[in-house]
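Chemist: First, the structure itself, so that you have it in front of you.
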Amino acid sequence: MVRQDWRTWPTYQASALGLRNFWYPVTWSSEVGARPVGVQLLGERIVLCRDRGRAYALHDRCPHRGVPLSLGRTHFPGTVTCPYHGWTYRLDTGLMCAAITDGPDSPITGKVGVRTYPVAERLGLVWIFIGDDHAEVPPVEQDIPEELLAHRIAIGGRIQPGRRGNWRYAAENGFDEGHAKFLHRNALWAIFRRMPAWTETRIVRTTDGRWISRKWEAVHWEADFRGLGHWPPARSWPRFLQAAAARSKTPPRTDPRIAALDLPGMVSVRVPYILRVAYAHYIHYEWAVPEDAEHHRYVQLLVSFTPELLGRLWFRIRYLAYIRWVFHGQFTGQDAWMVDVMDIPPERLYRPDASVIEWRRLVEEQHRSPRH
Amino acid sequence: MVRQDWRTWPTYQASALGLRNFWYPVTWSSEVGARPVGVQLLGERIVLCRDRGRAYALHDRCPHRGVPLSLGRTHFPGTVTCPYHGWTYRLDTGLMCAAITDGPDSPITGKVGVRTYPVAERLGLVWIFIGDDHAEVPPVEQDIPEELLAHRIAIGGRIQPGRRGNWRYAAENGFDEGHAKFLHRNALWAIFRRMPAWTETRIVRTTDGRWISRKWEAVHWEADFRGLGHWPPARSWPRFLQAAAARSKTPPRTDPRIAALDLPGMVSVRVPYILRVAYAHYIHYEWAVPEDAEHHRYVQLLVSFTPELLGRLWFRIRYLAYIRWVFHGQFTGQDAWMVDVMDIPPERLYRPDASVIEWRRLVEEQHRSPRH
Amino acid sequence: MVRQDWRTWPTYQASALGLRNFWYPVTWSSEVGARPVGVQLLGERIVLCRDRGRAYALHDRCPHRGVPLSLGRTHFPGTVTCPYHGWTYRLDTGLMCAAITDGPDSPITGKVGVRTYPVAERLGLVWIFIGDDHAEVPPVEQDIPEELLAHRIAIGGRIQPGRRGNWRYAAENGFDEGHAKFLHRNALWAIFRRMPAWTETRIVRTTDGRWISRKWEAVHWEADFRGLGHWPPARSWPRFLQAAAARSKTPPRTDPRIAALDLPGMVSVRVPYILRVAYAHYIHYEWAVPEDAEHHRYVQLLVSFTPELLGRLWFRIRYLAYIRWVFHGQFTGQDAWMVDVMDIPPERLYRPDASVIEWRRLVEEQHRSPRH
């Protein structure tokens, strides 16, 4: 299992800018209004704009002089206008429908245009499909975990553009079996969770075949390392905290809608990188949406499936009061630290990296790029 | 007229660092004193220094150890000395006339030197000629609009080094017919000027053959774009402002010395990029002096030709009170914004870009580089 | 003596990242404790860590996922652990002795490791040997000036990482005969020292053959440069300062232990760049330890050889009170300025650069790289 490079996974190796032909969540629907917003996805600059309730995405470059359309404005309904010379593009087709400064009969009108991108809105998020030319566009539902669409849910979340590190580092960090119990052992989020010293894990498919999941075969809460010592070290906590921690070890009753998902393990992943971490009362989902080869847009959702209005309200309050800061802040901030400093290949993998290897295999199997 | 690259204009395409063998205005005469000043022009580092009233320009690199002479000082009249080992250069010839730390009889004295550049001072500005080796140096008057030398004038101006964007972007933006009426339509400088929706323009030569000028054949103040709407949108101004704007539409009586220039259009340009925008009472001139491939030094002058002392004084007061900030500040700041984000080629030109095309042709015709 | 490039000194030219197979002083012993410290030396990232009184140096990259070990901690005595997955390395051998998150029986344990570097501690400094593979490691004493080990000494010093400029620029600046009397002529450190206008110098070997030394054959305190004037200019000082300066010209009695070194000149240098500047009562030593091709770690020591406890105490007080700021601060800060802006080759050398040429020759002769 000791490997040094990524030649075994040629598509993965070639995908520094991301996997094309998938739908990606990009920003909150509430962030896209009549004023154009520029983003970078999979190496492409894209402008988002809303007209009469609908969001649109276009290539963010006026073909005239290369100025970003996201610096412009909507002057006529259903269009966006470049700030420089008033070239105006239809949001739906990308066709240039008026070159204002050349008059209504400008001969170039209708002869140039910019690429448009399929856009959908689900879960309060704007989703964009970044496809190859002539790629078939699947319904957005195909790239959203189905449980999120099948239930009334409450969502708390955080979107961070410009996070440093290639998206594959973020993805491997997310599904990586080994690091959580070590890197995060002192995170506030883990303070009342007992972390195992080490585990024996098998990677299994979910019944629908799309996800792979980490299944603990054996959990070792403590370990003795010959010649070194015991792990983990005893926590030098005040007595009342230790008592609280002990109480928290009673596993809470899992939400029946989460239980019904029948997940083989707590953590699962699917292409193009959707991570799902199931807790008893909510599920964490995350995406590392590629921006360029060195940056990604980190999208974190925490989802409650409780059907009661009051329960959903209580979940929202708890999310904003502490989960957002403790879990979607300090905890995943430790991951951001590693994703930033990580530097592979070369690499040397070890037994728990079966998770990483299976993830790479999943990409080789389920990517949607043309075969070379 | 749809073009994608610049192969049609080979000299222009090859001139990322600027057109050589021209005189360029660099800084105010008052900025050059006994203390050396370093600037970058057409990719070359140059040090400016004044001795007994005269300004000199030398290559800003001591050949000994590569230290910039602009970090040094004048220790002996007519020389500049490198701060590191005291190598001392004659300002007039560039010859090293003393290696102080090797004594008066140092064998290297007189055997090395740095390149000098022709310098002239006109209009309160220091002009430098950046020529090819063995290029003939024309009198500086040849590269200064003659009306500036023929009259008693008053000047207000602004010089900004390190402006982002290649000099050709700045030049094309300056003479570009299309953008002013759109990009600048809400600039303070334009607040009382009525901007047309679009114009039909012809590019014509001035009688001396050196300038090309944009001549409006037809001006369309308003336009209806089918399926989109009317342009420009009505201004929602308070009534008194609208009245003021209406009053301002009465064209002011043009200064007779400006009228005598008999310019075919308001805006003209000549190589190496001198822009001239004639208003009724003054003329705006600008240069985009290349620094490197990504930056230029932006030189703006506003010139009054009034012969009366009081008129010149009044012009200076108005310049410092608001024109400097409103025209040479916010208005051309909008240009700086576009020059920074512009990114061509590739490009798609449209009818008003006849101005840009004729400018490029002018460069191909009037540049002074050796033919390849 | 006019040369333009460095082809005459092929090893020197190829040594942008430093001379390998030498011991380098890196940091103060007091800066290395149980918490790992990351440094860069000769292009390599190294982590320093202390265990039971002894300092160790390892390659600062966990082979698993490329994370710097200097971000980790010591969890078990004699080891350092990567913060990401708990891979734990023996400080003495570099061998990975536990992959905590894979349990005590992890099959990879003992099968990977990181490079270790020889470490020694002398003079209150941590020294690291950066060698080629299989290079023989000489005792650290071989790379420390012997007088520093033979006497009871007092040390004041300053270590500055990340100083800009290639280490060879710093080295050449240090031993360069020409610049001191010019660049530093107005430094506070030189205020009571009379600087010659120029000197005639010969470069001589010390008796042990390891050092070369600048020996003044003739000193010219003043000079007249034909057509330019007199050098140095008269100092326009108040009378009492001039009197003090005159008094200071009486050469102080040299410390007998410094006199016993029998140095042919005040300034000497040896590979891999140890500069020794002998004053009457103390000696300045400096190293420019290469970090990467553009940066070096600047190590300055000022050493008193006085055997009396009180004398050593007085030296420490003076060092901290002003020498540290005036000599190891402002004075060598002028050097840092030149080392930063210097830009060679090409270069044109002059007579005093015999010092630079002899230094380059010394490197060609005494470097320890395999012959090509």
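The values are calculated or read from the model by the stated rules, or taken from the named source; none is laboratory data. Here the structure is a predicted model, which is why all the values come from computation and not from measurement. Every residue, glycine among them, receives a Cβ derived from its backbone with ideal geometry; neighbour counts consider all protein chains shown.
Chemist: Find the helices (runs of 4 or more DSSP H) located wholly in segment A:145-219 whose residues include 2 or more that are within 12 Å of chain C (Cβ to nearest Cβ), and list them.
Modeler: In segment A:145-219, the matching helices (runs of 4 or more DSSP H) lie at A:167-175, A:180-183.
Chemist: Going through A:Arg45, A:Arg65 one at a time, which residue ends up being among the charged types (D, E, K, R), part of a loop (DSSP other than H, G, I, E, B) and outside the structural domain of A:Glu291 (by TED's automatic domain parsing)?
Modeler: Details: A:Arg45 fails: part of a loop (DSSP other than H, G, I, E, B).
Residue meeting the stated conditions: A:Arg65.
Chemist: Taking the conditions exactly as written (closer than 22 Å to B:Thr101 by Cβ, touching a strand residue (DSSP E or B) at 6+ places or on another chain (Cβ under 6 Å) and within 14 Å of chain B (Cβ to nearest Cβ)), does C:Trp231 satisfy them or not?
Modeler: It is true that C:Trp231 is closer than 22 Å to B:Thr101 by Cβ, touching a strand residue (DSSP E or B) at 6+ places or on another chain (Cβ under 6 Å) and within 14 Å of chain B (Cβ to nearest Cβ).
Chemist: From the list B:Arg50, B:Arg7, which residue is of a type in the set (Lys, Arg), more than 14 Å from every other protein chain (Cβ to nearest Cβ) and crowded, with 20+ Cβ neighbours inside 10 Å? Full working, then the answer.
Modeler: Details: B:Arg7 fails: crowded, with 20+ Cβ neighbours inside 10 Å.
Going through B:Arg50, B:Arg7 in turn, just one is of a type in the set (Lys, Arg), more than 14 Å from every other protein chain (Cβ to nearest Cβ) and crowded, with 20+ Cβ neighbours inside 10 Å: B:Arg50.
Chemist: Which is of a type in the set (D, E, K, R), in contact (Cβ under 8 Å) with a residue 12 or more places away in the chain and in contact with a Ser or Thr (Cβ under 6 Å, 6 or more places away or on another chain), of A:Glu121, A:Glu141?
Modeler: Within the list A:Glu121, A:Glu141, the selection yields A:Glu121.
Chemist: Out of the residues in segment C:318-359 meeting the condition of being under 30 Å from C:Gly209 (Cβ atoms) and hydroxyl-bearing (Ser, Thr, Tyr), tell me which one is farthest from the chain's Cα centre (by Cα).
Modeler: Filtering segment C:318-359 for residues that are under 30 Å from C:Gly209 (Cβ atoms) and hydroxyl-bearing (Ser, Thr, Tyr), the one farthest from the chain's Cα centre (by Cα) comes out as C:Tyr350.
Chemist: Condition (residue is under 17 Å from the mean Cα position of the chain (by Cα), hydrophobic (A, V, I, L, M, F, W, C) and either surrounded by 16 or more Cβ atoms within 10 Å (Cβ to Cβ) or assigned to a loop (DSSP other than H, G, I, E, B) (or both)) applied to segment A:360-370: is it met by at least one residue?
Modeler: Checked against the condition, which is being under 17 Å from the mean Cα position of the chain (by Cα), hydrophobic (A, V, I, L, M, F, W, C) and either surrounded by 16 or more Cβ atoms within 10 Å (Cβ to Cβ) or assigned to a loop (DSSP other than H, G, I, E, B) (or both), segment A:360-370 yields at least one hit.
Rundown of residues vs (1) away from chain A (no Cβ under 14 Å); (2) among the aliphatic types (A, V, I, L, M); (3) in contact (Cβ under 8 Å) with a residue 40 or more places away in the chain, yes/no style:
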{"residue": "B:Leu301", "(1), (2), (3)": "yes, yes, yes"}
{"residue": "B:Arg316", "(1), (2), (3)": "yes, no, yes"}
{"residue": "B:Tyr319", "(1), (2), (3)": "yes, no, yes"}
{"residue": "B:Arg324", "(1), (2), (3)": "yes, no, yes"}
{"residue": "B:Phe327", "(1), (2), (3)": "yes, no, yes"}
{"residue": "B:Asp335", "(1), (2), (3)": "no, no, yes"}
{"residue": "B:Val341", "(1), (2), (3)": "no, yes, no"}
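Chemist: Another question, then. Return the only residue of A:Asp208, A:Asp176 being buried (at least 18 other Cβ atoms within 10 Å of the Cβ) and among the acidic types (Asp, Glu).
Modeler: A:Asp176
Chemist: Let me ask another. Being within 7 Å of another protein chain (Cβ to nearest Cβ) and not hydroxyl-bearing (Ser, Thr, Tyr) is the filter here, so list the residues in segment C:92-114 that pass it.
Modeler: Answer for segment C:92-114, where residues must be within 7 Å of another protein chain (Cβ to nearest Cβ) and not hydroxyl-bearing (Ser, Thr, Tyr): C:Cys97, C:Ala98, C:Ala99, C:Ile100, C:Asp102, C:Gly103, C:Pro104, C:Pro107, C:Ile108, C:Val112.
Chemist: Return the only residue of A:Pro352, A:Pro345 being within 14 Å of chain C (Cβ to nearest Cβ), touching an Asp or Glu at 6+ places or on another chain (Cβ under 7 Å) and part of a loop (DSSP other than H, G, I, E, B).
Modeler: Sole residue among the options that is within 14 Å of chain C (Cβ to nearest Cβ), touching an Asp or Glu at 6+ places or on another chain (Cβ under 7 Å) and part of a loop (DSSP other than H, G, I, E, B): A:Pro345.
Chemist: Being at the interface with chain B (Cβ under 8 Å from one of its Cβ atoms) and touching a residue at least 12 places away in the same chain (Cβ under 8 Å) is the filter here; which residues of segment A:64-76 pass it? So that I can check it myself, show each step before the final result.
Modeler: Filtering segment A:64-76 for residues at the interface with chain B (Cβ under 8 Å from one of its Cβ atoms) gives A:64-68, A:71, A:75-76.
Result: A:His64, A:Arg65, A:Val67, A:Pro68, A:Leu71, A:His75, A:Phe76.
Chemist: Does A:Pro307 satisfy the criteria of being within 24 Å of A:Trp216 (Cβ to Cβ) and either at the interface with another protein chain (Cβ under 10 Å from one of its Cβ atoms) or assigned to a loop (DSSP other than H, G, I, E, B) (or both)? Can you show your working first?
Modeler: Working: within 24 Å of A:Trp216 (Cβ to Cβ): no; either at the interface with another protein chain (Cβ under 10 Å from one of its Cβ atoms) or assigned to a loop (DSSP other than H, G, I, E, B) (or both): yes.
No: the conditions fail for A:Pro307.
Chemist: Report, by residue number, each residue of segment C:167-218 that is of a type in the set (Val, Ile, Thr) and either over 21 Å from C:Val299 (Cα atoms) or in contact with a His (Cβ under 9 Å, 6 or more places away or on another chain) (or both).
Modeler: C:Ile191, C:Thr199, C:Thr201, C:Ile203, C:Val204, C:Thr206, C:Thr207, listed by residue number.
Chemist: Still on this structure, please answer the following. Could you please give the count of residues in segment B:68-93 that are farther than 18 Å from C:Pro346 by Cα and part of a loop (DSSP other than H, G, I, E, B)?
Modeler: Residues meeting the conditions: 11.
Chemist: Report every pair of residues separated by at least 6 positions or lying on different chains whose Cβ atoms are under 6 Å apart, first residue within segment B:36-55 and at positive phi, second assigned to a loop (DSSP other than H, G, I, E, B) and surrounded by fewer than 21 Cβ atoms within 10 Å (Cβ to Cβ).
Modeler: That search, which allows pairs on different chains as well, returns B:Leu42/B:Leu17; B:Gly43/B:Leu17.
Chemist: Which of the residues spanning segment A:342-372 are in contact with a helix residue (DSSP H, G or I) (Cβ under 7 Å, 6 or more places away or on another chain) and of a type in the set (Asp, Glu)?
Modeler: A:Glu364, the sole residue that qualifies.
Conditions (1) within 30 Å of A:Gly38 (Cα to Cα); (2) of a type in the set (A, V, I, L, M); (3) assigned by TED's automatic domain parsing to the domain that holds B:Ala170, marked per residue:
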{"position": "B:Leu320", "(1), (2), (3)": "no, yes, yes"}
{"position": "B:His328", "(1), (2), (3)": "yes, no, yes"}
{"position": "B:Ala336", "(1), (2), (3)": "yes, yes, yes"}
{"position": "B:Pro345", "(1), (2), (3)": "yes, no, yes"}
